[in-house]
Amino acid sequence: MRSKNIMSAIRRYGIAVSAMTAIVLGVAHPAPAVDAGVSSAEDVVTRVFNASDPEAFYRGLSPTERAAFDHVMIPVTSTLSVEIEPADAVARNAAANGQSADEVFDALATGCWYGRTRDGAQAAAGNTLYTFWTNIYWCASGSTVTSVRIHEADGETKTIGWRYDGVKSSGAQVISNQGRGWAKHRFILGVGGWDVSHPEHCLRAKGTASGTASGDRVCSVL
């Protein structure tokens with residue numbers, strides 16, 4: 001995990017994880033404290049992560065302490081966004097002139113685009129735990145999508161204790177005149193050889209002949 005990503009998340013969301021950061025990253029100076037509830041949660045996370053047997057220590061926590069741990073470490077909300085970027089001159093020309101691809105293509109013209117879907121998970125405390133993305137590259141000729149491929153599928157963690165376990169499966173195909181590409185991403189929350197949780201997330205991008213794109217949480221081209 002990159003320390004810059006962690007510190008960026010701390011600053012962005014105002015989550016005081018000073019004790020946990022100091023232990024795991026060796027940071028000498030604490031971040032400003034926030035409300036007592038969040039501080040208490042950080043204290044519990046710190047003690048779990050610093051225990052000689054984290055799993056046994058976690059199982060020995062009281063219900064209140066487990067809830068505090070979950071407050072900053074367990075996903076409760078997520079966000080999904082889609083971005084489109086023209087990948088060749090024809091597509092860039094259509095975008096610059098506010099035209100759909102159907103208005104500028106002829107039988108010999110081909111336009112291609114990048115479609116980027118991005119998703120992520122946040123804890124109840126407001127901190128981002130991790131983000132991931134599935135990006136496609138698709139092309140169209142006239143009003144027909146002709147090809148699609150996965151351009152990039154990857155992820156990164158933003159909170160200590162989480163790690164990205166990679167893409168477990170993926171696929172891309174033209175279906176119903178859409179270029180569709182999907183990937184299944186896996187993350188793991190764990191410390192000291194003990195894996196607390198290992199959620200898997202499906203994320204798909206779909207591109208059309210008119211240069212538009214959408215995203216959803218489906219692991220299939222169908």
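The values are calculated or read from the model by the stated rules, or taken from the named source; none is laboratory data. Note that the coordinates shown come from a computational prediction; the quantities given were computed from them, not determined experimentally. Note that each Cβ is placed from the backbone with ideal geometry, even for glycine, and that neighbours are counted across all protein chains shown. Areas reflect the complete protein model, heavy atoms only, side chains present, ligands, DNA and RNA absent. Shrake-Rupley method; radii C 1.70, N 1.55, O 1.52, S 1.80 Å.
If the requirement is being surrounded by 16 or more Cβ atoms within 10 Å (Cβ to Cβ), at pLDDT below 95 and in contact with a helix residue (DSSP H, G or I) (Cβ under 9 Å, 6 or more places away or on another chain), which of these qualifies: ALA87, ALA94?
On the way: ALA87 fails: in contact with a helix residue (DSSP H, G or I) (Cβ under 9 Å, 6 or more places away or on another chain).
Exactly one of ALA87, ALA94 is surrounded by 16 or more Cβ atoms within 10 Å (Cβ to Cβ), at pLDDT below 95 and in contact with a helix residue (DSSP H, G or I) (Cβ under 9 Å, 6 or more places away or on another chain), namely ALA94.
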For this session: Using the structure shown, decide if SER3 is modelled with pLDDT under 90 and open to solvent by 50 Å² or more (accessible area, probe 1.4 Å).
Result: yes
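Which of the residues that make up segment 129-143 are of a type in the set (Ser, Thr, Tyr) and open to solvent by less than 10 Å² (accessible area, probe 1.4 Å)? Quick ask: steps written out before the conclusion?
Here is the first cut: in segment 129-143, the residues of a type in the set (Ser, Thr, Tyr) are 130-131, 134, 137, 141, 143.
Within segment 129-143, TYR130, THR134 meet the criteria.
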Exercise. Looking at segment 156-170, which of its residues are surrounded by 15 or more Cβ atoms within 10 Å (Cβ to Cβ) and within 14 Å of ARG204 (Cα to Cα)?
Worked result: VAL167, SER170
Exercise. Does any residue of segment 187-195 turn out to be farther than 30 Å from THR46 by Cα, out of contact with any Asp or Glu (no Cβ under 8 Å at 6 or more places or on another chain) and among the small types (Gly, Ala, Ser)?
Worked result: no
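Restricting attention to segment 152-167, report how many residues are free of Cβ contacts under 8 Å to residues at least 60 places away in the same chain and under 18 Å from ALA121 (Cα atoms). Reasoning before the result, please.
Within segment 152-167, the first condition is being free of Cβ contacts under 8 Å to residues at least 60 places away in the same chain, and the residues that meet it are 152-155, 164-167.
Applying the additional criterion that residues be under 18 Å from ALA121 (Cα atoms) yields 153-155, 164-167.
Qualifying residue count, segment 152-167: 7.
Please state which one of GLY211, GLY192 is in contact with a Pro (Cβ under 9 Å, 6 or more places away or on another chain), touching a residue at least 24 places away in the same chain (Cβ under 8 Å) and surrounded by fewer than 16 Cβ atoms within 10 Å (Cβ to Cβ).
Values: GLY211 fails: surrounded by fewer than 16 Cβ atoms within 10 Å (Cβ to Cβ).
Only one candidate passes the filter, namely GLY192.
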